Amino acid sequence: MDTTAAPQLIEHLNKSLTFTPFDTKWIPNSARFVLMGQHPRATGTIQVYELASGELKLLHEWEKPHGIKCGTFGATSIAQRQLAYGDYNGNLVICDLEHGQAAFSVQGHGSIINAIDGCGGLNIGGGAPELVTGGRDGCVRVWDPRQKEAVVSLEPAEGETPADCWTVAFGNSFNDEDRCICAGYDNGDVKLFDLRTMTLRWDTNVKNGVCGVEFDRKDIQMNKLLVATLESKFSIYDLRTFHPEEGYAGLTEKAHNSTVWLGRHLPQNRDVFMTCGGNGALNLYKYSYPSQRSVKDADGIARGVPGTVELLNQREVATQPIVSFDWHPDRLGLAVMAALDQTCRVFIVTKLNTL
């Protein structure tokens, strides 16, 4: 893309931290965000920051018994805005951000919870509010915040060495019945489970550990799935057309010359997404659909056609991997990110309304 017309990645604020941050999320309908991580003494921390007249103001800080790996607001109501997080001890906790107290806590996994996602809250997605967690024990569990037992538990078969589940995501929640979860594993497996029919809808192997998966929207019929992996690759699958033999059509792109830790779609435009690399760089891409999204094969069965991606801009912003990135749901182009160089940064991406 012509660099003069390309979106610019501008660092707005930068904060040095005394702990290792693992996740950061905007608090819905506010100019505040929450940072989660681990102190050198292996205790967890939750910090709440506010954007106040050009600087970051620390509002609250709570120390927790175990390091915190991941968090989400996806299953809370806008009125309550409670944070759900997973820690290094396998606990799933829903926390009240006014006082830092746990409103719900359960031992969700045998060891560390690597990933969490929520759906049904914040008026995004149909159906009841639910959480999904993925852990080092290879299990993927779906939780209803109103009860202490997992609603669904997807576990490795007895006797086999469990693959570490690194990432989970909700999608296809376009009405009160349908909902899917996608899980990525350290052995390269990507599995798509249908929660309505309780079946494995599709699985594939991308040959490298899967660091991040995300649907371009949770609350629409499955459209695209972004899969970020080790060995500097990411893939995008078109989920509208399923072929019985070939599965979903997809494209794979090289990026960052190091691990692609995650990808995040822009809430205001599902075809624009940011990838975060192990080299401390941000890459902004735009996906373009093909002229025909499906064609008939020799047997008359519809087969998907992958689109193309265009790199709009890139910028190296940190000296260590960027492990968390979150777009603001209300302010176009505003984002918060955390890197393993113990920094938190607020970025502004310009010209997104022209894409």
At a 1.4 Å probe, what is the % contribution of carbon and sulfur to the accessible area of the chain?
45 percent
Report the net charge of residues surrounding Val140, where surrounding means a beta-carbon distance below 9 angstrom and charges are Lys +1, Arg +1, Asp -1, Glu -1.
+1
Work out Dmax and Rg for region 1-87 from the C-alpha atoms and quote the Rg first, both in angstrom.
15.3, 50
Whole number in Å², please: accessible area per residue of the chain, 1.4 Å probe, ligands, DNA and RNA not counted.
42 Å²
Leaving ligands and nucleic acids out of the surface, order Arg179, Arg146 by accessible area at 1.4 Å, largest first.
Arg146, Arg179
For region 332-342, in residue order, the Karplus 3J(HN,Hα) values (coefficients 6.51, -1.76, 1.60; θ = phi - 60°; whole Hz; Gly and Pro = x) are 4, x, 8, 8, 10, 9, 10, 10, 6, 7, 6
Hull volume per residue for region 160-315, using the convex hull of the C-alpha atoms, in Å³ is 126 Å³
Taking the C-alpha atoms of the chain, how large are the radius of gyration and the largest Cα-Cα span, Dmax, in Å?
19.4, 63
Convert each backbone phi in region 252-265 into a coupling constant with the Karplus relation 6.51 cos²θ - 1.76 cosθ + 1.60 (shift: θ = phi - 60°), then list the ³J(HN,Hα) values in order as whole Hz, x for Gly and Pro.
10, 10, 8, 7, 6, 6, 6, 3, 8, 6, 6, x, 10, 7
Selection from Cys211, Ala183, Ile27, by position along the positive dipole direction of the chain (Cβ)
Ile27
Net charge near Ser294: determine it from the other residues with C-beta under 9 Å of the C-beta of Ser294, scoring Lys and Arg +1 and Asp and Glu -1.
+3
When the dipole is taken about the Cα centre of the chain, and only Lys, Arg (+1) and Asp, Glu (-1) are charged at their Cβ, what size is it in debye, to the nearest 20?
680 debye
For Gln8, what charge total do you get from the other residues with a beta carbon under 9 Å from its beta carbon, if Lys and Arg give +1 and Asp and Glu give -1?
+2
Toward the positive end of the charge dipole of the chain, about the Cα centre and with charges on Cβ (Lys, Arg +1; Asp, Glu -1), which of Leu355, Gly247, Gly138 goes farthest?
Leu355
List the pairs from Lys191/Lys233; Lys207/Lys296; Lys254/Lys286; Lys25/Lys57 whose alpha-carbon separation is above 20 Å, in the order I gave them.
Lys207/Lys296
The simple spin-label model distance between Leu13 and Thr308, using points 7 Å out along Cα→Cβ, in nm, is 4.0 nm
Over the chain, what is the relative contact order in whole percent, taking alpha-carbon pairs under 8 Å and six or more residues apart?
14 percent
Residues whose built amide H sits under 5 Å from the amide H of Arg217, excluding neighbours closer than 5 in sequence, are Asn223, Lys224
Applying the Karplus parametrisation 6.51 cos²θ - 1.76 cosθ + 1.60 with θ = phi - 60° to the phi angles of region 225-240, what ³J(HN,Hα) value in whole Hz is obtained for each residue in order, glycine and proline being reported as x?
10, 9, 10, 9, 9, 5, 6, 6, 10, 9, 10, 10, 10, 8, 9, 7
For region 78-186, max minus min Cα coordinate along each principal axis, in Å, sorted largest first?
45, 33, 21
Sites matching GluC sites (Glu not before Pro) across region 218-312 that sit in DSSP coil, with at most 16 neighbouring C-beta atoms within 10 Å:
Glu231, Glu245, Glu246
What is the set of long-range amide H partners of Lys233 at a cut-off below 5 Å, with H atoms built 1.01 Å from backbone N?
Ala255, Val260
Loop GluC sites (Glu not before Pro), region 55-119 (other Cβ atoms within 10 Å of the site Cβ: 13 or fewer; DSSP)
Glu98
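The values are calculated or read from the model by the stated rules, or taken from the named source; none is laboratory data. Everything quoted here is computed from the prediction, not taken from an experiment. We place every Cβ from the backbone using ideal geometry, glycine too, and count neighbours over all the protein chains shown. Areas reflect the complete protein model, heavy atoms only, side chains present, ligands, DNA and RNA absent. Shrake-Rupley method; radii C 1.70, N 1.55, O 1.52, S 1.80 Å.
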